[in-house]
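Just below is one structure, and these are the notes that go with it.
The values are calculated or read from the model by the stated rules, or taken from the named source; none is laboratory data. A quick note: this is a predicted structure, and the numbers were derived from the prediction, not measured. No Cβ is skipped: glycine too gets one built from the backbone with ideal geometry, and neighbour counts run over all protein chains shown.
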Amino acid sequence: MKLSFIAAAVAFGLFAVSPVLADDAPATPKPSATAGAMMAKPDAAAKAAKSADCSKQADAKGLHGKERKKFREECKKGAM
């Protein structure tokens with residue numbers, strides 16, 4: 001009888017004390033991966049647009065091979 005009374009008292013004590021032991025401080029939200037990706041997208045989009053523009057310019061000049069590659073590299077460096 002004493003053992004069951006003690007067990008019940010301990011169980012009740014755990015339930016009664018658990019809210020006190022809980023951390024009341026609000027958790028600081030961690031930046032999500034999508035937030036970082038969203039911030040990086042405008043830069044990536046600008047690079048992609050510039051790359052496409054440089055490719056169009058190279059096409060207009062009829063460049064191929066090493067000449068095209070060199071032109072595109074210089075073109076992308078000029079605006080970035």
State all residues of segment 53-70 that are among the basic types (Lys, Arg) and touching a Leu at 6+ places or on another chain (Cβ under 9 Å); if no residue qualifies, say none.
-> 69, 70
Select, from 12, 5, the only residue that is surrounded by 10 or more Cβ atoms within 10 Å (Cβ to Cβ) and at pLDDT below 85.
-> 12
